[in-house]
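Presented below is the structure to which this report refers.
The values are calculated or read from the model by the stated rules, or taken from the named source; none is laboratory data. Remember, predicted model here, so these are calculated numbers, not experimental data. Here the Cβ positions follow ideal geometry from the backbone for every residue, glycine too, while neighbour counts run over all protein chains shown. Surface accessibility is based on the protein's heavy atoms, side chains included, excluding ligands, DNA and RNA. Shrake-Rupley method; radii C 1.70, N 1.55, O 1.52, S 1.80 Å.
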Amino acid sequence: MKDVIIACDFSSAAQVLEFLDRFSQCERKPFVKIGMELFYAAGPQIVRDIKSRGHRIFLDLKLHDIPNTVRKTMKVLSNLDVDMTNVHAAGTVEMMKAALEGLTREDGTRPLLIAVTQLTSTSEERMKEDLLIDKPIAEVIAHYAANARKAGLDGVVCSPLEASIVKKSCGDGFMAVTPGIRFADAAADDQVRITTPLRAREIGSDFIVVGRPITAAADPVAAYQRCIDEFVYGKENC
Ligand code: C5P
């Protein structure tokens, strides 16, 4: 089932709760992404507070450390009742396996676990010059996705433009969660590998992650609805 995740990149609990209040009349309870900014500012309690309002939660902390540290951190996070969380695929297959192990509760249940391939703000040029990765970005994404699959993860975070590459190398059931979404008539901000909600649907994303196009909109509920119409229902030019 396709869905839209709102990236709630706020710096306090009060701001995010006030923002989410605007959606109280919405038929659909938005799936919410809590990233580093909010988590570090408000602590784990904000996860419980948003969850208790009935939202599904993607905890986007992008862990990247030695396998032992990631395993133990994931064990702690598994106590927070989130629906999805993530690591950097650059941490290696061993680190991703450790993350999965740590996240899996004693009864065998766990949130979805996905891996960041390359950040959607990174261009092929920056990858080559800053990171010394001298391969086409599509090849890097396909390889990182295959590593995530090998480690037993559920999917990857990638640009919507790369969702089809991921599906091709890892199969249709392997999830593509895609930030880097902008409306056709809007600015790119610092994102590089971007497309519209409608095009992301066509290319094969399972979830789109949308921040500023919703959070900074004059009418966030209308912007969210536009994302739903384009991405979930395939309506053009809403
Ligand atoms: O405001 P905007 O729509 O650009 O927000 C995108 C969100 O997705 C941010 O919270 C950012 O941290 C996150 N993200 C990303 N690219 C990735 C992984 C996560 O933009 N590869």
Give the accessible area for ASP219 in Å² (nearest 10); use a 1.4 Å probe, count only protein heavy atoms, and leave out ligands, DNA and RNA. 80 Å²
Net charge of neighbours whose Cβ lies under 12 Å from the Cβ of LYS33, counting Lys and Arg as +1 and Asp and Glu as -1: -3
Mind grabbing the base-10 log of I(q)/I(0) for the chain at q = 0.07 Å⁻¹? Debye formula, identical points on the C-alpha positions, no solvent, two decimal places. -0.21
Specify the residue with the greatest mean-square fluctuation among ALA223, ALA145, ALA89, computed from a Gaussian network of the chain linking alpha-carbon atoms under 10 Å apart. ALA223
Restraint check, LYS135/LYS168; LYS33/LYS72; LYS62/LYS150; LYS72/LYS128, Cα-Cα greater than 29 Å: LYS72/LYS128
Set of aspartates and glutamates with alpha-carbon distance to LYS2 below 18 Å, sequence-local pairs under 8 removed: GLU27, ASP83, ASP154, GLU162, ASP172, GLU202, ASP206, ASP229, GLU230, GLU236
